[in-house]
Amino acid sequence: MSNSSGKILVTGGAGYIGSHTCKALSRRGFTPVVLDNLDNGYREAVRWGPLESGNLLEPRSLASAFERHEFRAVVHFAAYAYVEESVRDPALYYRNNVVGSMNLLDAMRRAGVESIVFSSTCAIYGVPSRMPINEDEIRNPINPYGRSKLMIEQLLDDYSGSYGLRACSLRYFNAAGADPEGEIGESHDPEPHLIPNVLSAGAGRGRRLKVYGNDYPTPDGTCVRDFVHVADLAEAHCLALEFLADNPGSHAFNLGSEQGYSVMEVIRTAETELGLIVPYDLAPRRPGDPPVLVADSLRAERELRWVRRHSGIAEILRTAWQWEKLRAESA
């Protein structure tokens, strides 16, 4: 969008990646309007535009938001996103993620809003046949969370082909870190993600870290993941909006650092870089966890002109640690 102004609807904008993207949109001159039921988000994270309380499963609240605001585009984060929970309760995930997204797309059609950037995931690939993973890899998710996201991508493809929707699906690898300026960060309760749990355990403010599985076919037996800084992800959403202004159709891009780190490597790096001692216990593998996930992000670099500025593991850990200390001081 060459003319960076106007309102962007950000569903789930009170959450982790959503709030960082709202800040990035605001810096580009947009007004992010957050639609969130605050189930997994935080009111204090909505700082760069208004909050519309609503739920994608409630068409009336969606219609109300579209009536009160004239949106240029939508950035869609609102979803449940815990693999283990999706295995326990798949109905919850299909209803919330897939049906909610259909409601959103139909509201967009009624309002004449043509562009959407969708928060997808590398979980759609399942256990890939090769590393690193590019966008042409077979999509064969192994858990309901990944399957729900793949269903939404397929909805976007079909709505694009039949109704002229312009869509970008951004397939994240492991979002991590916090705003380099310390304004926002990761605040889940309970916290499912590795890096904040590493830091909490190392600071003595949480339980001992659980390392799920040490018998994977990896160099040290623990899962290997590609960690990408949340500020770099936020920038990619802005670039995707610009891309859609000139490119009709439905598109998909991987977003990762292209570097894999095992759970044990993250622990050791936190200890080395931050001077922590991280207590941990081994636990059985979690269902639905592939052994290795590392991105090939060349397409995003080439077509979106995406540049990773913060995604080294040391900077990810430093910014996350800065946020962890700020939270502790304000508690």
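The values are calculated or read from the model by the stated rules, or taken from the named source; none is laboratory data. None of these values were measured; they are calculated from a predicted model. Methodologically, a virtual Cβ is constructed for each residue, glycine included, from the backbone with ideal geometry; neighbour enumeration extends over all protein chains shown. Surface accessibility is based on the protein's heavy atoms, side chains included, excluding ligands, DNA and RNA. Shrake-Rupley method; radii C 1.70, N 1.55, O 1.52, S 1.80 Å.
Residues in the range 125-143 that are open to solvent by less than 40 Å² (accessible area, probe 1.4 Å) and touching a Ser or Thr at 6+ places or on another chain (Cβ under 8 Å) were compared, and the one that is modelled with the lowest pLDDT is ASN143. Which members of the range 68-88 meet the condition of being more than 30 Å from TRP323 (Cα to Cα) and in contact (Cβ under 8 Å) with a residue 40 or more places away in the chain? HIS69, GLU70, PHE71, ARG72, ALA73, VAL87 - these are the residues of the range 68-88 that are more than 30 Å from TRP323 (Cα to Cα) and in contact (Cβ under 8 Å) with a residue 40 or more places away in the chain. The residue that is least open to solvent (accessible area, probe 1.4 Å), among those in the range 269-306 that are out of contact with any helix residue (DSSP H, G or I) (no Cβ under 7 Å at 6 or more places or on another chain) and of a type in the set (Val, Ile, Thr), is VAL294.
Has the range 174-181 got at least one residue that is in contact (Cβ under 8 Å) with a residue 40 or more places away in the chain, open to solvent by 40 Å² or more (accessible area, probe 1.4 Å), among the acidic types (Asp, Glu) and farther than 21 Å from LEU51 by Cα?
No; the residues of the range 174-181 include none that is in contact (Cβ under 8 Å) with a residue 40 or more places away in the chain, open to solvent by 40 Å² or more (accessible area, probe 1.4 Å), among the acidic types (Asp, Glu) and farther than 21 Å from LEU51 by Cα.
Tell me the residue from LEU155, LEU150 that is touching a residue at least 40 places away in the same chain (Cβ under 8 Å) and either in a helix (DSSP H, G or I) or touching a helix residue (DSSP H, G or I) at 6+ places or on another chain (Cβ under 6 Å) (or both), please. Spell out the reasoning first.
Details: LEU150 fails: touching a residue at least 40 places away in the same chain (Cβ under 8 Å).
Only one candidate qualifies: LEU155.
Just for the range 145-168: of the residues that are under 18 Å from the mean Cα position of the chain (by Cα) and among the charged types (D, E, K, R), which one is most open to solvent (accessible area, probe 1.4 Å)? Ranking the candidates gives ARG147 first.
Table: residues versus (1) surrounded by 18 or more Cβ atoms within 10 Å (Cβ to Cβ); (2) free of Cβ contacts under 8 Å to residues at least 40 places away in the same chain.
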site: CYS122; (1), (2): yes, no
site: LEU170; (1), (2): yes, no
site: ASN197; (1), (2): yes, yes
site: GLY206; (1), (2): no, yes
site: LEU209; (1), (2): yes, no
site: ASP220; (1), (2): no, no
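The rows are residues; the columns are (1) modelled with pLDDT under 95; (2) over 17 Å from the mean Cα position of the chain (by Cα); (3) of a type in the set (D, E, K, R); (4) farther than 20 Å from LEU244 by Cα.
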position: MET1; (1), (2), (3), (4): yes, yes, no, no
position: LEU9; (1), (2), (3), (4): no, no, no, no
position: SER19; (1), (2), (3), (4): no, no, no, yes
position: SER26; (1), (2), (3), (4): no, yes, no, no
position: LEU38; (1), (2), (3), (4): yes, no, no, yes
position: GLU52; (1), (2), (3), (4): no, yes, yes, yes
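Here the condition is being open to solvent by 40 Å² or more (accessible area, probe 1.4 Å) and aliphatic (A, V, I, L, M); of ALA45, ALA81, ALA14, it holds for ALA81 alone. Taking first residues from the range 317-331 that are closer than 25 Å to GLU265 by Cα and partners that are modelled with pLDDT of 80 or more and among the β-branched types (Val, Ile, Thr), the Cβ contacts under 8 Å between residues at least 6 apart in sequence or on separate chains come to LEU317/ILE195; LEU317/VAL266; LEU317/THR269; ALA320/ILE195; TRP323/ILE184.
Just one of the numbered conditions (1) in contact with a Gly (Cβ under 7 Å, 6 or more places away or on another chain); (2) touching a residue at least 40 places away in the same chain (Cβ under 8 Å) is not true of VAL33: (2).
Filter the range 226-257 down to the residues that are open to solvent by less than 30 Å² (accessible area, probe 1.4 Å) and assigned to a strand (DSSP E or B), then identify the one that is nearest to GLY182 (Cα to Cα).
Within the range 226-257, the subset open to solvent by less than 30 Å² (accessible area, probe 1.4 Å) is 226-234, 236-241, 243-244, 249, 252-257.
Subset that is assigned to a strand (DSSP E or B): 226-229, 252-255.
On the way: ASP226: 23, PHE227: 19, VAL228: 17, HIS229: 14, ALA252: 30, PHE253: 28, ASN254: 26, LEU255: 23 Å.
Once the filter is applied, the top-ranked residue is HIS229.
Of everything in the range 177-205 that's of a type in the set (Gly, Ala, Ser) and in contact with an Asp or Glu (Cβ under 8 Å, 6 or more places away or on another chain), which residue is nearest to PRO291 (Cα to Cα)? Steps first, please.
Restricting attention to the range 177-205, the residues satisfying the condition of being of a type in the set (Gly, Ala, Ser) are 177-178, 182, 185, 187, 200-204.
Those still in the list that are in contact with an Asp or Glu (Cβ under 8 Å, 6 or more places away or on another chain) too: 177-178, 185, 200, 202-203.
Numbers: GLY177: 22, ALA178: 25, GLY185: 27, SER200: 24, GLY202: 25, ALA203: 28 Å.
Among those residues, the one meeting the criterion is GLY177.
Among the residues making up the range 285-310, those that are at pLDDT 95 or above and in a loop (DSSP other than H, G, I, E, B) are VAL294, ASP296, SER297, ARG305, TRP306, VAL307, ARG308, ARG309, HIS310.
Only residues that are among the charged types (D, E, K, R), within 22 Å of the chain's Cα centre (by Cα) and either in a helix (DSSP H, G or I) or under 20 Å from ASN97 (Cβ atoms) (or both): list them for the range 54-84, please. Break it down stepwise before answering.
Our first condition is that a residue be among the charged types (D, E, K, R); within the range 54-84, this holds for 58, 60, 67-68, 70, 72, 84.
Next cut, within 22 Å of the chain's Cα centre (by Cα) only: 72, 84.
Matches in the range 54-84: GLU84 only.
Per the listing LEU56, LEU104, LEU62, LEU38, the residue uniquely on the phi > 0 side of the Ramachandran plot, open to solvent by less than 50 Å² (accessible area, probe 1.4 Å) and touching a residue at least 12 places away in the same chain (Cβ under 8 Å) is LEU38. Within the range 65-72, none of the residues are within 20 Å of ILE184 (Cα to Cα), in contact with a strand residue (DSSP E or B) (Cβ under 6 Å, 6 or more places away or on another chain) and surrounded by fewer than 21 Cβ atoms within 10 Å (Cβ to Cβ).
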